[in-house]
Structure formats: C-alpha cells, structure tokens
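Here the structure comes first, spelled out in structure tokens, and everything after it is commentary.
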Amino acid sequence: ACIGDGAPINAWWHWSANSGQAPSPSNTGIVAWPDVRDYANTYQTGYAALGNGQPARLFSSYDQQTVDTHFLWMQQNGIDTAALQRFNPTGGEGPTRDAMAVKVRSAAEAHGRKFYIMYDV
C-alpha cells in the first residue's frame with residue numbers, strides 16, 4: 001500500500017521502515033526497484049529522480065489497476081492460479097486485506113484466472 005491510494009491502512013506498507021512517511025534513502029524497505037511502466041497509477045516517493053530522469057514512483061498493490069495488471073500478466077503468460085495470503089483478520093491489517101480479497105476476485109474473474117486463499121496461521 002501507499003499513502004494516498006485509498007487503502008484503510010493508509011501507509012507505505014512494506015516500502016519503507018517508517019510506513020507513515022514516503023520511502024527515501026533514509027527510510028526504505030526497498031530491496032530492488034520495480035519496473036512500473038505498465039501501471040497507470042503510481043505514487044511519488046522521497047527519492048531523487050531515477051537515472052533515466054523519470055520521477056522515482058512506486059506502485060500500490062491496493063490499487064485495482066495494479067491487481068488487474070498482475071492478473072493480465074498471468075493471462076498473457078499462461079499462469080492459471082494465484083495464492084492470496086491472509087493473516088490475522090482482526091488486526092489493523094484486516095480491512096485492507098478484506099478489500100484486497102474483493103479486488104483479487106474481480107481481477108481473477110475479469111482475466112479468466114483462479115485464486116485461492118492461503119491462511120498464514
């Protein structure tokens with residue numbers, strides 16, 4: 001998730017050490033920079049422009065367009081099924097994870113893919 005993407009968690013979830021602030025050189029959880037050219041919606045970080053001069057923007061997995069793109073890639077590459085991992089539904093992540101299940105179902109149906117829920121217990 002990213003701040004401003006509409007997710008109930010409203011945080012830079014997994015992108016930064018302090019999820020309340022945009023990722024930056026001093027606040028990062030990024031191991032490798034993602035290629036975001038296939039995403040219509042991206043979110044501005046605290047990093048300087050990339051080497052190609054483009055703004056340093058990241059995707060949000062909460063964004064429906066991101067989920068649709070992932071399922072489109074599955075369709076294009078013959079991948080039939082995705083696993084949706086679930087954690088504690090009563091914790092602070094619960095509402096975001098519930099919303100993600102709806103987004104994944106919508107994208108799976110739109111692209112003729114399947115998904116299952118994998119519970120992390």
Checklist entry - Out of residues 5 or more away from residue 21 or on other chains, whose amide H comes under 5 Å of its own, with H placed 1.01 Å from N in the peptide plane? => result 12
Checklist entry - Between residue 29 and residues 5 or more places away or on another chain, which pairs have amide H atoms under 5 Å apart, with H built 1.01 Å from N, and which residues are they? => result 16, 17
Checklist entry - Computed FRET efficiency, Cβ-Cβ of residue 40 and residue 90, R0 35 Å: what is it to the nearest 0.05? => result 0.55
Checklist entry - Taking θ as phi - 60°, what are the ³J(HN,Hα) couplings along segment 58-67 by the Karplus curve (6.51, -1.76, 1.60), each to the nearest whole Hz, with x for Gly and Pro? => result 10, 8, 10, 5, 6, 5, 4, 5, 5, 4
Checklist outcome for this item: In whole Hz, the Karplus estimates of ³J(HN,Hα) for segment 28-33 (6.51, -1.76, 1.60; θ = phi - 60°; x where Gly or Pro) are 10, x, 7, 9, 9, 6
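In debye, nearest 20: dipole of the chain around its Cα centre with unit charges on the Cβ of K, R (+) and D, E (-)? Let's see the in-between values first.
On the way: 8 positive and 10 negative charges, 6 e Å.
Using only the charged Cβ atoms, the result is roughly 20 debye.
Take each of the peptides 102-114, 29-41, average the number of other beta-carbon atoms within 10 Å over its residues, and list them starting from the highest. Don't skip to the end; give the middle numbers.
Details: 102-114: 15.6, 29-41: 11.7.
My ranking of the peptides, most packed first, is 102-114, 29-41.
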Item to check | Zone residues, segment 1-18, relative to residue 57, backbone N less than 19 Å from point 7 Å out along Cα-to-Cβ | outcome: 1-7, 11-13, 15-16
Checklist entry - Per the 1.4 Å probe, what fraction of the accessible area of the chain, in percent, lies on carbon and sulfur atoms? => result 53 percent
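Give me the number: length gained by fully extending residue 109 to residue 121, i.e. 0.36 nm times residue separation minus the C-alpha to C-alpha distance, one decimal in nm. Can you show the working numbers first?
Working: separation 12, 0.36 × 12 = 4.32 nm, distance 2.72 nm.
Gain in length upon complete extension: 1.6 nm.
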Item to check | Separation of alpha-carbon centers, segment 53-99 and segment 1-18, rounded to whole Å | outcome: 13 Å
Checklist entry - What fraction of the DSSP beta bridges in the chain is antiparallel, stated in percent and rounded to the nearest 5? => result 35 percent
Checklist outcome for this item: Rounded to the angstrom and largest first, Cα extents along the principal axes for the chain equal 39, 35, 22
Checklist entry - Using modelled backbone amide H atoms (1.01 Å from N, in-plane), which distant-in-sequence or interchain residues come within less than 5 Å of residue 84's amide H? => result 116, 117, 118
Item to check | Accessible area per residue, Å², the chain with all protein chains present, probe 1.4 Å | outcome: 58 Å²
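Considering Cα pairs under 8 angstrom that are at least six residues apart, work out the relative contact order of segment 1-61 and quote it in whole percent.
Numbers: 94 pairs, mean separation 15.5, N = 61.
With pairs under 8 Å counted, the relative contact order is 25 percent.
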Checklist entry - From the backbone phi of segment 17-22, what are the Karplus-calculated ³J(HN,Hα) couplings (6.51 cos²θ - 1.76 cosθ + 1.60, θ = phi - 60°) in whole Hz, Gly and Pro given as x? => result 5, 9, 5, x, 10, 4
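Mind checking the full-extension length gain between residue 26 and residue 14? Use 0.36 nm per residue of separation minus the Cα-Cα distance, one decimal, nm. Let's see the in-between values first.
Values: separation 12, 0.36 × 12 = 4.32 nm, distance 1.46 nm.
Full extension of this stretch gives 2.9 nm more.
The values are calculated or read from the model by the stated rules, or taken from the named source; none is laboratory data. It should be emphasised that the depicted structure is a prediction, and the values quoted were computed from it without experimental measurement. Cβ sites come from the backbone with ideal geometry, for glycine too, and all protein chains shown count toward neighbours. To get the accessible areas, we keep the full protein, side chains included, count just its heavy atoms, and leave off ligands, DNA and RNA. Shrake-Rupley method; radii C 1.70, N 1.55, O 1.52, S 1.80 Å.
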